[in-house]
Amino acid sequence: MIKHLEIGKVKLAYTSEGEGSDVLLLHGFPSNIFFWNDIKNELIKRFRVTVVEQRGYPLSSIKNAQTTDFNIENLTIDIETLIEKLNLTNNLIVVGHDWGTIVAWSLVSRGKVKVNKLISICGGTEFPPSKVYNNLIYAHGLHYISSFQNPKHSNEMIMDNLDLFFRSAYRITPKLTQKETDLSLKNLFISKKSILNVHSVEIDSLVKHFHSGLEQAITWYSNIDVNIEISAKWRKYIQTPVVFLFGENDAAVKLNNKMIQRLKLNGKNIKVKEVKNADHWLPITHKERVLDEIINK
């Protein structure tokens, strides 16, 4: 059963099921609380599993929202408060996917709650500044993160065909070639070529869930510059064991040697792993691999 925890302007939607050590699951973009269902249903056989729909997503939307409502500090305070209120202190493992990895990293860096292990899937620690993306121009336009600096306009483009957006977002990505992938909003999220090659997700359910739009979720991206400044207050070399999992065919978060070295410089016990023949949706396509990282400590 979905419950809500009031934290300032947001009523944070969550579920908490099972008994034993704690596992907390944080979704990314464009997902929701149900993204983790298959993994959750396996984990609750041996853990207490808490799943969150993060602020700005439909079940945890904010009235009269401001851009600053979605900066990294507010996103992280939500999760810290949830951990404290639910007493998620039994050998807590935090698992983040996509944007959920950024929130999870801040959670560990701030050190206000005890996290025994972090599993970061298809994401990293912080986004680069927006100027990095502004220099990336593709055949169909600017990098999607540059487009997302205008959440209202981006949302209008997406809502013009929400079914196509989710089919594009969850499309199966083939093995990457040497040619640079077009990461524009139009190609990555509004692409008709993706209609027949979609991962096993319930597109109709996603369309229904996000019928009111994705503007608040997109606004997370509008804070990436200010997030760098905010994170400087707690950025440090961490002691928490961390596993970074990446998909070999993930064009949006492409792993390379430079990235591996950068990630490993952030902590004492960091492992970086790449999953062959996988793209951005590892919790869906490689559920057993994700479960193995959580269960086998």
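Given Val49, Val23, Val10, which one is among the β-branched types (Val, Ile, Thr), touching a residue at least 24 places away in the same chain (Cβ under 8 Å) and closer than 15 Å to Leu75 by Cβ?
Details: Val49 fails: closer than 15 Å to Leu75 by Cβ; Val23 fails: closer than 15 Å to Leu75 by Cβ.
None of the other options fit; the residue is Val10.
Within region 247-256, does at least one residue satisfy the condition of being under 15 Å from the mean Cα position of the chain (by Cα), not aromatic (Phe, Trp, Tyr) and not in a loop (DSSP other than H, G, I, E, B)?
Yes: one or more hits.
Just one of Ser31, Ser21 is out of contact with any Gly (no Cβ under 7 Å at 6 or more places or on another chain), closer than 19 Å to Asn155 by Cα, small (Gly, Ala, Ser) and at pLDDT 95 or above; which is it?
On the way: Ser21 fails: closer than 19 Å to Asn155 by Cα.
Criteria check complete, one pass: Ser31.
Can you report the number of residues in region 113-123 which are part of a loop (DSSP other than H, G, I, E, B) and farther than 20 Å from Asn74 by Cβ?
3
Is it the case, given these coordinates, that Lys271 is assigned to a helix (DSSP H, G or I), basic (Lys, Arg) and over 24 Å from Leu75 (Cα atoms)?
no
Can you tell me which residue among Ile39, Ile72, Ile62 is in contact (Cβ under 8 Å) with a residue 60 or more places away in the chain, touching a Pro at 6+ places or on another chain (Cβ under 9 Å) and β-branched (Val, Ile, Thr)?
Details: Ile72 fails: touching a Pro at 6+ places or on another chain (Cβ under 9 Å); Ile62 fails: touching a Pro at 6+ places or on another chain (Cβ under 9 Å).
Going through Ile39, Ile72, Ile62 in turn, the sole match is Ile39.
Provide a single number: the residues in region 1-27 that are buried (at least 16 other Cβ atoms within 10 Å of the Cβ) and not in a strand (DSSP E or B).
Selection size over region 1-27: 3.
Please find, within region 81-112, the residue that is nearest to Asp22 (Cα to Cα) out of those that are of a type in the set (Val, Ile, Thr) and assigned to a helix (DSSP H, G or I).
Across region 81-112, the extreme among qualifying residues is Ile83.
Name the single residue that is surrounded by the most Cβ atoms within 10 Å (Cβ to Cβ) among those in region 28-53 being among the charged types (D, E, K, R) and in a loop (DSSP other than H, G, I, E, B).
Residue satisfying both the conditions and the ranking: Arg46.
Can we say Trp220 is surrounded by fewer than 19 Cβ atoms within 10 Å (Cβ to Cβ), closer than 26 Å to Lys131 by Cα and of a type in the set (A, V, I, L, M, F, W, C)?
Spelling it out, it is not the case that Trp220 is surrounded by fewer than 19 Cβ atoms within 10 Å (Cβ to Cβ), closer than 26 Å to Lys131 by Cα and of a type in the set (A, V, I, L, M, F, W, C).
If you go through region 140-153, how many residues are more than 12 Å from Leu188 (Cβ to Cβ) and outside any helix (DSSP H, G or I)?
2
What is the residue count in region 239-265 for residues that are in contact with a Ser or Thr (Cβ under 6 Å, 6 or more places away or on another chain) and over 26 Å from Lys186 (Cβ atoms)?
1
Looking at the structure I just gave you, is Asp98 touching a His at 6+ places or on another chain (Cβ under 9 Å), acidic (Asp, Glu) and buried (at least 22 other Cβ atoms within 10 Å of the Cβ)?
So Asp98 passes the test.
For Asn161, state whether it is surrounded by fewer than 21 Cβ atoms within 10 Å (Cβ to Cβ) and under 21 Å from the mean Cα position of the chain (by Cα).
no
Taking the options Ser146, Ser191, name whichever one is of a type in the set (Gly, Ala, Ser), within 20 Å of the chain's Cα centre (by Cα), farther than 30 Å from Asn296 by Cβ and surrounded by 18 or more Cβ atoms within 10 Å (Cβ to Cβ).
Numbers: Ser191 fails: within 20 Å of the chain's Cα centre (by Cα).
Residue meeting the stated conditions: Ser146.
The values are calculated or read from the model by the stated rules, or taken from the named source; none is laboratory data. Model, not experiment: these values are computed from the prediction. A quick note on method: Cβ atoms are made from the backbone with ideal geometry, for glycine too, and the neighbour counts reach across all protein chains shown.
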